[in-house]
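The values are calculated or read from the model by the stated rules, or taken from the named source; none is laboratory data. The structure displayed is predicted, hence computed values, not measured ones. Cβ atoms come from the backbone with ideal geometry, glycine included; neighbour counts cover every protein chain shown.
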């Protein structure tokens, strides 16, 4: 059994707590949070050892791995401490607030041969994995453009600040929302390389941007658009979508479906001329424990599997997350 602890018991931390607590290969032994109210509740209603000091938890509990779901501003110091104590690390996104820290942490984890993963759950969604397969099979032929979009209702009024919308803590729309979209573009198409015409727009927030618009060029030369807005109340929750255009057709995909348009039928792929729609329900493998979506359990299953098999080539590694942080840094510079 893999002994695991969790740092941070907010929305994502509690979600991870439920998933890990039900995992057959995991012994979730300890949790940590700075809130005495939260910790008192866990002491009363769970069997876990409870801490308010993550360093004490790590040094005393004989852990094999740690899940970090604290506010982003703490990620760098926590990941460093976990790696220094030879723990495998799952860290929630966004990874860190400084690109140089992401690079250092990726290198440290690789040198120590520890499993390292960042919680970019879109990489574990059946719809986006189907898109990746279609692209690998050259379904669209030569690609010439993409649009990566994310919209949702996070900040909808003046002075609606939480830690997520404070520059030194969560990093704003750019880190909290756009990071998902940038990572998805990287996962499906190639590593983002350059940006131009970046606009970081304040709608309701003063300290951070609420919307991000930019042109992105990938390492393979493909270019496209990034459009992200977390002050869009026309969406009930976060919605991420990618559109990819090629000489043979077009793909539009989000968390629920993949729409494929082909100019000619493709017998190898079993796709007809015109539109074909594939739904998440037919593209998603079952998970042992369902919470919020299969992708959340799937990413934890992947992390645990990597630990069990000593496989450090993770599907959502610190290294890949560092590329997202590097591009965010370029977006900030370009916007000025």
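Could you tell me whether residue 194 is under 28 Å from residue 158 (Cβ atoms), surrounded by fewer than 18 Cβ atoms within 10 Å (Cβ to Cβ) and in contact with a helix residue (DSSP H, G or I) (Cβ under 9 Å, 6 or more places away or on another chain)? No; evaluated as a whole, the condition is false for this residue.
Evaluate the following for residue 108: is it under 19 Å from the mean Cα position of the chain (by Cα), part of a helix (DSSP H, G or I), surrounded by fewer than 23 Cβ atoms within 10 Å (Cβ to Cβ) and without any contact (Cβ under 8 Å) to a residue 60 or more places away in the chain?
Details: under 19 Å from the mean Cα position of the chain (by Cα): no; part of a helix (DSSP H, G or I): yes; surrounded by fewer than 23 Cβ atoms within 10 Å (Cβ to Cβ): yes; without any contact (Cβ under 8 Å) to a residue 60 or more places away in the chain: yes.
Judged against the criteria, residue 108 is not a match.
When residue 100 is tested against (1) in contact (Cβ under 8 Å) with a residue 60 or more places away in the chain; (2) farther than 23 Å from residue 301 by Cα; (3) part of a helix (DSSP H, G or I), exactly one condition is not met: (1).
Per-residue answers, yes or no, for (1) in the same structural domain as residue 231 (by TED's automatic domain parsing); (2) under 24 Å from residue 293 (Cβ atoms); (3) in a strand (DSSP E or B):
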{"site": "113", "(1), (2), (3)": "no, no, no"}
{"site": "129", "(1), (2), (3)": "yes, yes, no"}
{"site": "133", "(1), (2), (3)": "yes, yes, no"}
{"site": "147", "(1), (2), (3)": "yes, yes, yes"}
{"site": "158", "(1), (2), (3)": "yes, no, no"}
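Considering every residue within the stretch 263-281, establish whether at least one is free of Cβ contacts under 8 Å to residues at least 40 places away in the same chain, out of contact with any strand residue (DSSP E or B) (no Cβ under 9 Å at 6 or more places or on another chain) and crowded, with 16+ Cβ neighbours inside 10 Å. Scanning the stretch 263-281, I find no residue that is free of Cβ contacts under 8 Å to residues at least 40 places away in the same chain, out of contact with any strand residue (DSSP E or B) (no Cβ under 9 Å at 6 or more places or on another chain) and crowded, with 16+ Cβ neighbours inside 10 Å, so the answer is no.
Is the stretch 233-252 home to any residue that is assigned to a loop (DSSP other than H, G, I, E, B) and more than 28 Å from residue 282 (Cα to Cα)? Checked against the condition, which is being assigned to a loop (DSSP other than H, G, I, E, B) and more than 28 Å from residue 282 (Cα to Cα), the stretch 233-252 yields at least one hit.
Does residue 294 satisfy being modelled with pLDDT under 95, more than 27 Å from residue 144 (Cβ to Cβ) and surrounded by fewer than 18 Cβ atoms within 10 Å (Cβ to Cβ)? Spelling it out, it is not the case that residue 294 is modelled with pLDDT under 95, more than 27 Å from residue 144 (Cβ to Cβ) and surrounded by fewer than 18 Cβ atoms within 10 Å (Cβ to Cβ). Criterion applied to 66, 39, 58 was being touching a residue at least 12 places away in the same chain (Cβ under 8 Å), assigned by TED's automatic domain parsing to the domain that holds residue 8 and in contact with a helix residue (DSSP H, G or I) (Cβ under 6 Å, 6 or more places away or on another chain), and the one residue passing it is 66.
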